[in-house]
Amino acid sequence: LEPKEEFEHKTLAMDVMRPRRSDPPLSVLTQSGMNVEQVEAVIADTSYSGFPIVMSQESQRLVGFVLRRDLVISIENARLCQEGIVGASQVLFTEHTPAQLHGGPPPLNLRSIMDLSPLAITDHTPMDITVDIFRKLGLRQCLVTQNGRLLGIITKKDILKHMAQMTNRDPESILFN
Ligand code: ADP
């Protein structure tokens, strides 16, 4: 089958993205307002390769994307080497870092490990176009938004699984044929 025919029924990004309706919500970090302990809890409670950063839980406006492994290494390093970083330190992904927040310990700014412009598509983007984007840009994941609000995420594996389901083909042969 050619890629075009596989998507005759015009599967959309919203059909492939996670979370599904029955899943727990997307695991995100906020650009401010979380401390080191809370970020460590998100890391410990999930196994995702990365986390979208949003302006706030209420707005769900996309600010960036951070890889799990970069987060783990940076927090570990900061706890060991950076003066004053403790569980109660605020984690920031903002442009400016105040010396102190609310009289607490010094904050930890992790903006340098954040992807500032992760690729985002709308929930109505047809999957044939999405697959094209993944192929051409060599993406591992992309984010799905609706009217500027973050809705979900699609990984390369999500696409491969979806395509294999539709065509009964070996998933590995699909993105790299
Ligand atoms: P892979 O799809 O390669 O296993 P992940 O481990 O990052 O990559 O993702 C596992 C599943 O969880 C995928 O279906 C993906 O869409 C979803 N997912 C990835 N990141 C998140 C996240 N931050 N919150 C919720 N679900 C996620």
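For the reader, a short list of remarks on this structure follows.
- The chain: calculated mean residue ellipticity at 222 nm from DSSP helix runs of at least 4, using -39500 (n - 2.57): -9500 deg cm²/dmol
- Near E40, once Lys and Arg are set to +1 and Asp and Glu to -1 for all other residues with Cβ below 15 Å from its Cβ, the sum equals -1.
- In loop segments of the range 70-177 as defined by DSSP, the GluC sites (Glu not before Pro) with at most 11 further C-beta atoms inside 10 Å of their C-beta are E83, E95.
- Just the protein heavy atoms count here, and of the accessible area of the chain at 1.4 Å, carbon and sulfur take up 51 percent.
- Relative to the longest principal axis of the Cα atoms of the chain, the long axis of helix 156-167 makes an angle of roughly 20 degrees.
- The chain: angle of helix 36-45 to the longest principal axis, Cα-based, in degrees nearest 10: 30 degrees
- Probing with 1.4 Å while keeping every protein chain in the model, the per residue accessible area of the range 24-118 equals 55 Å².
- Between D15 and E76, the simple spin-label model (points 7 angstrom out along Cα→Cβ) gives 4.2 nm.
The values are calculated or read from the model by the stated rules, or taken from the named source; none is laboratory data. This one's a predicted model, so the numbers in the text were calculated from it and none came from an experiment. Counting neighbours? That spans all protein chains shown, and the Cβs are built from the backbone with ideal geometry, glycine included. Side chains included, ligands, DNA and RNA excluded: accessible areas come from the protein's heavy atoms. Shrake-Rupley method; radii C 1.70, N 1.55, O 1.52, S 1.80 Å.
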